[in-house]
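Below you'll find the structure, written out as structure tokens, and then a few comments.
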Amino acid sequence: MKRKSLIIPVIIFMSWTTYAQPEPMLQSGPMPGYADMREAVIWIQTTAAAEVFATYADREHPELILQTGKVNTVKEQAFTARLIADQVEPGKTYDYRIYIGNKPVDLAYPTVFKTPPLWKYRTNPPDFTILTGSCAYINQPEYDRPGKPYGGDYRIFKHMASQNADLMIWLGDNVYLREPDWNSVTGFQKRYTHTRSLPELQPFLASTHHYAIWDDHDYGPDNCNKSFFNKNTALETFRLFWANPTFGTADMQGITTSFQWGDADFFLIDNRWYRDPDELKKDGKSIIGEKQLEWLTDNLVSSRATFKFIAIGGQFLSDAATAEMHSANGFNNEREKLIRFIQDQKIKNVIFLTGDVHFSELSVLKPEGKPAIYDLTFSTLSAGPNPAGESWKNTLRIPGTVMPDRNYGKISVSGPEKARKLTIGCFDSDNHKRWEKVIEQE
């Protein structure tokens, strides 16, 4: 990959912040994806075939402009591209600028990415902030069901941008495929493009690192499973539109991946690729699949991170046995197996991040003498809310955490080593904090 380092006057670099009309060749993005200490990625989508690249500079040395390699977008890949920033250093903040056809794109909002710091054996773990949520329905009347629009309150994404968080973890149903979409490559790509192009979303995309899992609606039809005939197209489209570190691991297919930030490990789980049908009557049913479950448990038991976050589309801990949560449809044995493993292996500070149910709540399983397990459910971002959620009989619910309106979650990780804590807030679509809870490190 060709790399360049250029020295140009500071005044030119500062002009990145000037306000201008969006470039007509820019369809959606830019969007920082995964970032590690020596590499970061910027995702972009153009409206037609074009050569794209990015320049970037450390805020501490704005006079030194670095450049990604150049990529040609093509129709077969929905005109998407990943631009690799491979001259970064740990713990830095970079301003970046996109070029399409050698023409700079000036945007009316910040374009920023970061790299995680190198802190072990040197300092306390870094403080950082995660946003999270699920169920982003963007209306398109000609393809929606008749009646009241299901999506709304898109201003929530502008408020999320204002949080200046380090990471966003999308918890599935990030796109809602409709009947005309899921049977063809064209349908998948047009639906993903329509959702990703929402104007209110663009400032949030440009200044936060985005990681994602899927659930049924961005994989295929409602409540679909491992038998979905077009799952390979679903996977390829997901790969085109997200910039996770990997999609699957070794010989394991699907979207499974993991990453680290600070003193936290994140395990992103695929709850569709290996999922048995909800309607199937048999013993030993699985959502995660044997190979993926072994991968997860091996990683949990060997993790040295303070917090272990497990992102999975449906609720894991809730015992309400409703909808597609892990306690329903004959999957509870797998749920109990994973709980026993965490408890028997004495793995502390395991936090599930879940979505799907169109309301938010916190759950905790904390038997005496065993490590606590938490489930932070955040749903819905812009799809229709579920006002009945509070009536579901979840005995593990933390009182005062049900949120039946559109919302997102904010998790602030802070504190000195061995005394870390999570400050968890739930914010509505007007950015009002509806509740806050604190989880102390065990």
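Just so you know, all these numbers are worked out from the coordinates, no wet-lab data involved. What you see is a predicted model, and the numbers here were worked out from it, not measured in a lab. Positions of Cβ are generated from backbone atoms using ideal geometry, with glycine treated the same way; all protein chains shown enter the neighbour counts.
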K70 versus N332, label points 7 Å from Cα toward the beta carbon: distance in nm? 6.1
What lysines could a cross-link reach from K190, if we take a straight Cα to Cα line under 24 Å and drop same-chain neighbours fewer than 8 places away? K75, K148, K158, K226, K231
Which one, G248, I65, F307, is farthest towards the positive end of the dipole of the chain when Lys and Arg carry +1 and Asp and Glu -1 on their Cβ? I65
Quick one: which of K70/K433; K285/K308; K285/K348; K291/K348 span more than 32 angstrom between C-alpha atoms? K70/K433
Point-to-point label distance, V364-N139, nm (Cα→Cβ direction, 7 Å offset): 4.0
Backbone HN-Hα couplings from phi across region 214-223 [Karplus 6.51/-1.76/1.60, Hz, Gly and Pro as x]: 10, 10, 4, 6, 9, 10, x, x, 3, 6
Span from the region 77-111 Cα centroid across to the region 198-240 one, whole angstrom: 22
If amide H atoms are built 1.01 Å from N in the plane of the peptide, which residues on other chains or at least 5 residues away come under 5 Å of the amide H of H210? G33, M168
Using amide H atoms built in the peptide plane, which far-off residues or other-chain residues are under 5 Å from N407 H to H? T380, L381
Label point 7 Å out from K281 along Cα-to-Cβ: which residues of region 331-345 have amide N under 16 Å? 331
For the residues L205, L177, what sequence is obtained by ranking on other C-beta atoms within 10 Å, fewest first? L205, L177
With Cα atoms, 0 to 90° folded angle of helix 290-302 axis to the chain main axis: 80
Acute angle (nearest 10 degrees) that the helix 332-344 long axis makes with the longest principal axis of the chain, alpha-carbon atoms: 80
Could you tell me what % of all Cα pairs in the chain have separations over 32 Å? 35
